[in-house]
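Working notes for the structure below.
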Amino acid sequence: MDNNLCSIKTTLPTTWREFEVVALAQDLLANGAACVQHHQITSTYKWDGSVQSEKEWSVEIKASIANRVSVLKILKLLHPYDVPQIISTEVTANDSYLQWVNSVN
């Protein structure tokens with residue numbers, strides 16, 4: 001069993017309604033994610049030389065190291081942005097949570 005898990009963060013537009021975010025979460029779960037959390041945020045960033053501030057969905061996905069590639073593949077395939085923020089990090093977790101994440105296929 002791996003001693004780490006993968007935490008993947010992304011954002012989605014608020015033009016997506018919650019049921020669309022949940023549908024993406026279900027696709028991610030079907031492709032190896034153990035857990036998908038989402039909530040609305042405000043992002044401030046530079047785009048085309050000017051500062052933008054927009055509401056977005058923040059999405060955090062947990063997956064085993066073994067399932068990382070399949071989860072990232074489906075996320076990249078289904079992501080609506082031209083330049084998506086997809087950040088994947090290996091993290092540690094408490095043993096019981098890590099065992100549960102690693103048990104998800």
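The values are calculated or read from the model by the stated rules, or taken from the named source; none is laboratory data. From a predicted model like this one, the values you see are computed outputs, not experimental measurements. Quick reminder, even Gly has a Cβ in these numbers, built from the backbone with ideal geometry, and neighbours come from all protein chains shown.
If the condition is being part of a loop (DSSP other than H, G, I, E, B), farther than 17 Å from Gln37 by Cβ, touching a residue at least 40 places away in the same chain (Cβ under 8 Å) and over 12 Å from the mean Cα position of the chain (by Cα), then segment 66-105 contributes Ala66, Pro80, Tyr81, Thr92, Asn105.
Scanning segment 66-96 for residues being farther than 29 Å from Trp16 by Cα, surrounded by 14 or more Cβ atoms within 10 Å (Cβ to Cβ) and out of contact with any strand residue (DSSP E or B) (no Cβ under 8 Å at 6 or more places or on another chain) gives a total of 1.
Go through the residues of segment 51-59 one by one and say whether even a single one is of a type in the set (Phe, Trp, Tyr) and either in contact with a helix residue (DSSP H, G or I) (Cβ under 9 Å, 6 or more places away or on another chain) or not in a strand (DSSP E or B) (or both). Checking segment 51-59: at least one residue is of a type in the set (Phe, Trp, Tyr) and either in contact with a helix residue (DSSP H, G or I) (Cβ under 9 Å, 6 or more places away or on another chain) or not in a strand (DSSP E or B) (or both). Of the residues making up segment 14-30, at least one is out of contact with any strand residue (DSSP E or B) (no Cβ under 7 Å at 6 or more places or on another chain), aromatic (Phe, Trp, Tyr) and either assigned to a helix (DSSP H, G or I) or modelled with pLDDT of 95 or more (or both). Checking Ala63, Ala34 one by one, the residue that is surrounded by 16 or more Cβ atoms within 10 Å (Cβ to Cβ), under 30 Å from Gln99 (Cβ atoms) and over 10 Å from the mean Cα position of the chain (by Cα) is Ala34 and no other.
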